[in-house]
1. Here is a list: 90, 59, 115. Which entry is modelled with pLDDT under 60 and either more than 30 Å from residue 7 (Cβ to Cβ) or not assigned by TED's automatic domain parsing to the domain that holds residue 7 (or both)?
2. Taking the stated definitions as given, is residue 36 at pLDDT 60 or above and surrounded by 13 or more Cβ atoms within 10 Å (Cβ to Cβ)?
3. Out of segment 16-30, which residues are surrounded by 14 or more Cβ atoms within 10 Å (Cβ to Cβ) and either more than 35 Å from the chain's Cα centre (by Cα) or under 14 Å from residue 44 (Cβ atoms) (or both)?
4. Going by the structure shown, is residue 97 touching a strand residue (DSSP E or B) at 6+ places or on another chain (Cβ under 6 Å) and modelled with pLDDT of 80 or more?
5. In segment 93-109, how many are outside any strand (DSSP E or B) and surrounded by fewer than 11 Cβ atoms within 10 Å (Cβ to Cβ)?
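The values are calculated or read from the model by the stated rules, or taken from the named source; none is laboratory data. Since the structure is predicted, the reported quantities are computational estimates derived from the model, not experimental observations. Positions of Cβ are generated from backbone atoms using ideal geometry, with glycine treated the same way; all protein chains shown enter the neighbour counts.
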């Protein structure tokens with residue numbers, strides 16, 4: 001903001017702060033909107049943070065905002081093919097690799113199922 005414009009808005013914001021009204025109520029019938037008043041207050045606050053502490057009586061704009069949190073789950077960009085798989089049957093873990101003997105696996109599973 002230019003210095004002259006900043007001074008005009010600073011005065012408006014101070015008047016608004018003393019009024020106790022919302023930005024929309026205070027701006028009613030004036031040449032600016034409540035949104036413009038709130039925006040100007042935020043811009044002036046940004047500018048004064050680095051310069052000095054805000055003067056007493058300066059309007060303080062507080063907005064209640066809902067905080068939304070989202071968990072982002074990223075999927076791997078490529079599929080990893082396992083070298084085998086692990087079966088859990090009746091508390092036992094059986095590791096099966098590619099090229100396994102199907103008859104042997106069937107026999108092992110039958111024995112474990114009988115142990116239940």
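1. Working: 90 fails: modelled with pLDDT under 60; 115 fails: modelled with pLDDT under 60.
The unique qualifying residue is 59.
2. Details: at pLDDT 60 or above: yes; surrounded by 13 or more Cβ atoms within 10 Å (Cβ to Cβ): yes.
For residue 36, the condition - at pLDDT 60 or above and surrounded by 13 or more Cβ atoms within 10 Å (Cβ to Cβ) - is met.
3. Within segment 16-30, 16, 17, 23 meet the criteria.
4. On the way: touching a strand residue (DSSP E or B) at 6+ places or on another chain (Cβ under 6 Å): yes; modelled with pLDDT of 80 or more: yes.
Spelling it out, residue 97 is indeed touching a strand residue (DSSP E or B) at 6+ places or on another chain (Cβ under 6 Å) and modelled with pLDDT of 80 or more.
5. First pass over segment 93-109, keeping only residues outside any strand (DSSP E or B): 98-109.
Then drop every residue that is not surrounded by fewer than 11 Cβ atoms within 10 Å (Cβ to Cβ), which leaves 98-99, 101-104, 106.
Adding up the residues that qualify gives 7.
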